[in-house]
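A.B. asks: One structure, pasted below without further comment.
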Amino acid sequence: MVDFHRPRDLSEALQIRAATAAVPLAGGTDLLVRYRNWAGTLPRIDRPVLYVGHLAELRSVDVAGNGSGPGMIIGAAVTYSELLEHPTTPQLLRDSIIELAAPGLRNVATLAGNICNASPAADAACALYALNAEVELAGPGGRRRIPIAEFITGPGTTVLKADELLTAVHLPPDRSTVQYYRKVGTRHANALSKLSLCACARVADRRVTQIGIAVGAVAPTIVKAPRIEQQLQGAGIEQVVSQIPDALRQYGQLIRPIDDQRSTADYRRHVALALIEQFLARELR
Ligand SMILES: Cc1cc2nc3c(=O)[nH]c(=O)nc-3n(C[C@H](O)[C@H](O)[C@H](O)COP(=O)(O)OP(=O)(O)OC[C@H]3O[C@@H](n4cnc5c(N)ncnc54)[C@H](O)[C@@H]3O)c2cc1C
């Protein structure tokens, strides 16, 4: 038997988490697969479970406007389907969700689960890297906010403490004029990525004023390189094209894929670099 907690509110959820280190459950689409058992039998969960999918404090989407447009605060229990319906969801995030699993799963699964599962192949998390998202964590000591790239530390590992919950994802205003999402998998629906590229940029007067590039499933964590992005930022489109060989050389050092059941390291490296080149050479206009 597993202890299953369904707290009344976030405060009670945090108390239970602190007292029992119960494993949080939102949509369950990663967690229940991780603990799967023989067909027809219950999952083999070896810890208390803390259901958070119903908590009102985690179910809202707030639009936090500032001078450069609307940013978003997405509650940890908001589902992908709800995000697809929301008018301010950035196009790049929308594109990643549309190709994630299938509608039935998107009706229950969450961004928070995708982030906390910390897979380098997590598709929505990859878009969140490109969009410079931050995660908000709550625990007995209060709340803290950190960039997603600092939250995820390796395959399946994060800096989430045993008494904390992820409560929200913060997105800065999305001012991109170009979005480029490519998920490379064996089929469109219900396929995990061999690799993915999530990229966006703001181009004004043929100049790149902002750029974000994230590559999934090619290293222990999603690859995002602010240093390379800074080199490209401010450049004219033609200058960006001339910088491509140097950018690809630098990305080549960060891309460290593995062979597994979904693909080979060689294929992943080759296609990831080809997609970055395609984005920089053909999409920025
Ligand atoms: C058939 C199928 C297809 C899939 N296809 C894709 C795909 O195409 N792309 C992709 O990226 N993923 C895919 N997935 C994986 C999964 O659906 C996603 O990662 C999803 O976003 C997980 O969200 P969830 O709410 O179900 O998380 P859960 O399973 O509930 O939780 C996942 C992890 O996050 C933790 N967690 C959840 N909420 C919180 C919180 N608020 N605070 C702290 N920790 C928390 C849990 O403890 C657990 O460790 C697929 C899964 C299945 C079964």
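A.B. asks: Using beta carbons and a limit of 7 Å, which pairs, at least six apart or on different chains, have the first residue in the range 81-108 and among the acidic types (Asp, Glu) and the second one modelled with pLDDT under 95?
C.D. replies: Within 7 Å, the pairs are Glu99/His188.
A.B. asks: Could you check, for the range 86-107, whether at least one of its residues is small (Gly, Ala, Ser), outside the structural domain of Arg187 (by TED's automatic domain parsing), over 16 Å from Pro172 (Cβ atoms) and buried (at least 23 other Cβ atoms within 10 Å of the Cβ)?
C.D. replies: Of the range 86-107, the ones small (Gly, Ala, Ser) are 96, 101-102, 104.
Add one more test, that the residue is outside the structural domain of Arg187 (by TED's automatic domain parsing), and what stays is 96, 101-102, 104.
Going one step further and asking which of them are over 16 Å from Pro172 (Cβ atoms), we end up with 96, 101-102, 104.
Now narrow it down to the ones that are buried (at least 23 other Cβ atoms within 10 Å of the Cβ): 96.
Yes, some residue in the range 86-107 is small (Gly, Ala, Ser), outside the structural domain of Arg187 (by TED's automatic domain parsing), over 16 Å from Pro172 (Cβ atoms) and buried (at least 23 other Cβ atoms within 10 Å of the Cβ).
A.B. asks: Within the range 168-222, how many residues are of a type outside the set (Val, Ile, Thr) and in a strand (DSSP E or B)? Talk me through it step by step, then tell me what you get.
C.D. replies: So the first thing to find is which residues in the range 168-222 are of a type outside the set (Val, Ile, Thr), and the list is 168, 170-176, 179-183, 185, 187-202, 204-207, 210, 212, 214, 216-217, 219-220.
The next check asks that each one be in a strand (DSSP E or B); those that pass are 168, 170-171, 179-183, 195-202, 204, 207, 210, 212, 214, 216.
Matching residues across the range 168-222 total 22.
A.B. asks: Considering the range 31-51 alone, what residues qualify as being open to solvent by 60 Å² or more (accessible area, probe 1.4 Å) and either under 27 Å from Leu10 (Cβ atoms) or not in a loop (DSSP other than H, G, I, E, B) (or both)?
C.D. replies: Filtering the range 31-51 down to residues open to solvent by 60 Å² or more (accessible area, probe 1.4 Å) leaves 32-34, 36, 38-42, 44, 46-47.
Leu32, Val33, Arg34, Asp46, Arg47 - these are the residues of the range 31-51 that are open to solvent by 60 Å² or more (accessible area, probe 1.4 Å) and either under 27 Å from Leu10 (Cβ atoms) or not in a loop (DSSP other than H, G, I, E, B) (or both).
A.B. asks: Still on this structure, I have one more. Taking only the range 251-269 into account, find how many residues are surrounded by 13 or more Cβ atoms within 10 Å (Cβ to Cβ) and either outside the structural domain of Ser193 (by TED's automatic domain parsing) or assigned to a helix (DSSP H, G or I) (or both).
C.D. replies: Pass one, the range 251-269, residues surrounded by 13 or more Cβ atoms within 10 Å (Cβ to Cβ): 251-252, 254-258, 262-265, 267-269.
When the remaining residues are screened for being either outside the structural domain of Ser193 (by TED's automatic domain parsing) or assigned to a helix (DSSP H, G or I) (or both), the result is 251-252, 254, 265, 267-269.
Of the residues in that region, 7 qualify.
A.B. asks: Just one of Thr167, Thr186 is among the β-branched types (Val, Ile, Thr), in contact (Cβ under 8 Å) with a residue 12 or more places away in the chain, open to solvent by 40 Å² or more (accessible area, probe 1.4 Å) and within 14 Å of the ligand (Cβ to nearest atom); which is it? Working first, answer last.
C.D. replies: On the way: Thr167 fails: open to solvent by 40 Å² or more (accessible area, probe 1.4 Å).
Criteria check complete, one pass: Thr186.
A.B. asks: Restricting to the range 8-24, count the residues that are more than 13 Å from the ligand (Cβ to nearest atom) and either at pLDDT below 95 or outside any helix (DSSP H, G or I) (or both).
C.D. replies: 2
A.B. asks: Take Val240 and tell me if it is touching a residue at least 40 places away in the same chain (Cβ under 8 Å), surrounded by 20 or more Cβ atoms within 10 Å (Cβ to Cβ) and over 24 Å from Val184 (Cα atoms). Even if it seems obvious, please write down each step before you answer.
C.D. replies: On the way: touching a residue at least 40 places away in the same chain (Cβ under 8 Å): yes; surrounded by 20 or more Cβ atoms within 10 Å (Cβ to Cβ): yes; over 24 Å from Val184 (Cα atoms): yes.
Yes.
The values are calculated or read from the model by the stated rules, or taken from the named source; none is laboratory data. Predicted model only: the values in this text are computed from it and were never measured. Glycine gets a Cβ as well: all are built from the backbone with ideal geometry, and neighbour counts include every protein chain shown. The accessibility values were calculated without ligands, DNA or RNA, using every heavy atom of the protein model including side chains. Shrake-Rupley method; radii C 1.70, N 1.55, O 1.52, S 1.80 Å.
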